[in-house]
Amino acid sequence: MCGRYTLSASASKLSDRFGATVTSTITDSLPRYNCAPGQTLPVITNENPNQFQQLKWGLIPSWADDDTGGQINARAETVDEKPTFATAYESQRCLVPADGFYEWVRDDTDSETGAGDNTKQPYRVTFSDDRTFAMAGLWERWEPTHTQTGLSDFGAGDADDMTDSEAGQQATESFTIITTEPNDVVSSLHHRMAVVLPPEAESVWLHGDADTVESLLTPHTGDQWETYPVSTRVNSPANDESSLIDPV
C-alpha cells in the first residue's frame, strides 16, 4: 500500500517539473515531509492539468451517503471493476506528486536470541537524486444531496429548504493512489507499492482512454531507487519537519 509520502520540493520546482501553476495556498503549505490520509494535498487532475489543486487524500465516490472516510489506495488489478473506482478510472485521473514514500518493516526477531519487541521500523523509498515523481491517482467530486421539503410536509415554507445536516455542506474533492506489486527494491519492505509513472507517461495517464492506460499500471523498474530507515517520529501525522527524512 501507500499510506504516507513526502513532497519536499519548493513551489517553483514543482511548477517547473510539471508545467503547472502552483496556487498561493499550496505554496504556503510546502514542503511536506509526512503526507497522510485525510489531509488536503496537491494533485494535478485531467480536468485542469495546468494548475495544481488541493484534494483530500481518501477517495469518496460521488454516490456515497456522506463525505466521511475514503479509500486511500486502489489496487491496479481491480481498479476498473470496483464500483468505488470504476467511474474515476474511466475519466477522472490525476497525478500525485511526491519525492519519496514510507513503508514499515516489523522488527520482531533478534538475529542471535530470536527475541524481538514487535516494533515497526519506517523506511523512506526515494530516487537516489531525490527527484520529484508522479504517482498514478484517481479523483472524485462528492456533492451533498439536497432533500427538498415541500409545502405538503410543513404546510408552509420554502420548497427548497434543506435538512439541518445538509445545511452548509459543500462539495468534497478527493483522490486515491493506485498500487501494484512491488519491484525488487520495495519487495523486502512491503507486498504493495504505489504506481510510479515515468515522466513520458504522465500525460498519457491523464488523457488516454481506459484501454491505453491499463499498461501503465505496472511496477516501476526501481532504477536509481534507494531505501533507508528513518525516525519513528514519522508514525505520527502531527510530525512534519525536514528531520523526518534524515537517515537513522
Would you tally the residues in the stretch 47-81 being within 20 Å of Cys2 (Cβ to Cβ) and in contact with a strand residue (DSSP E or B) (Cβ under 7 Å, 6 or more places away or on another chain)?
18
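Can you tell me how many residues within the stretch 216-230 are assigned to a loop (DSSP other than H, G, I, E, B) and in contact with a Lys or Arg (Cβ under 7 Å, 6 or more places away or on another chain)?
1
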Of all residues in the stretch 1-31, count the ones that are of a type in the set (D, E, K, R) and crowded, with 21+ Cβ neighbours inside 10 Å.
1
In the stretch 48-75, how many are touching a helix residue (DSSP H, G or I) at 6+ places or on another chain (Cβ under 9 Å) and surrounded by 14 or more Cβ atoms within 10 Å (Cβ to Cβ)?
7
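Conditions tested, residue by residue: (1) under 16 Å from Gln121 (Cα atoms); (2) modelled with pLDDT of 95 or more; (3) surrounded by fewer than 16 Cβ atoms within 10 Å (Cβ to Cβ); (4) in contact with a Cys (Cβ under 7 Å, 6 or more places away or on another chain).
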site	(1), (2), (3), (4)
Ala194	no, yes, no, yes
Glu202	no, yes, no, no
Trp205	no, yes, no, no
Ala210	no, no, yes, no
His220	no, yes, no, no
Ile245	yes, yes, no, no
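On the basis of being aromatic (Phe, Trp, Tyr) and surrounded by fewer than 17 Cβ atoms within 10 Å (Cβ to Cβ), does Trp104 make the cut?
Numbers: aromatic (Phe, Trp, Tyr): yes; surrounded by fewer than 17 Cβ atoms within 10 Å (Cβ to Cβ): no.
For Trp104, the condition - aromatic (Phe, Trp, Tyr) and surrounded by fewer than 17 Cβ atoms within 10 Å (Cβ to Cβ) - is not met.
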Checking the structure you have, find out if any residue of the stretch 10-27 is within 25 Å of Gly208 (Cβ to Cβ), polar (S, T, N, Q), assigned to a loop (DSSP other than H, G, I, E, B) and in contact (Cβ under 8 Å) with a residue 12 or more places away in the chain.
no
Residue that is nearest to Thr40 (Cα to Cα), among those in the stretch 210-241 that are of a type in the set (Val, Ile, Thr) and out of contact with any helix residue (DSSP H, G or I) (no Cβ under 7 Å at 6 or more places or on another chain):
Thr232
Just to be sure before I move on: is Arg131 at pLDDT below 95 and loosely packed, with under 15 Cβ neighbours inside 10 Å in the structure I sent?
no
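Each row is one residue, and each column tells you yes or no for (1) at pLDDT 95 or above; (2) over 27 Å from Cys94 (Cβ atoms); (3) touching a Pro at 6+ places or on another chain (Cβ under 6 Å).
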{"site": "Thr126", "(1), (2), (3)": "yes, no, no"}
{"site": "Asp153", "(1), (2), (3)": "no, yes, no"}
{"site": "Ala159", "(1), (2), (3)": "no, yes, no"}
{"site": "Asp184", "(1), (2), (3)": "yes, yes, no"}
Identify all residues within the stretch 76-99 that are part of a strand (DSSP E or B) and touching a helix residue (DSSP H, G or I) at 6+ places or on another chain (Cβ under 9 Å); write none if there are none.
Arg93, Cys94, Leu95, Pro97
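The values are calculated or read from the model by the stated rules, or taken from the named source; none is laboratory data. Predicted model only: the values in this text are computed from it and were never measured. A quick note on method: Cβ atoms are made from the backbone with ideal geometry, for glycine too, and the neighbour counts reach across all protein chains shown.
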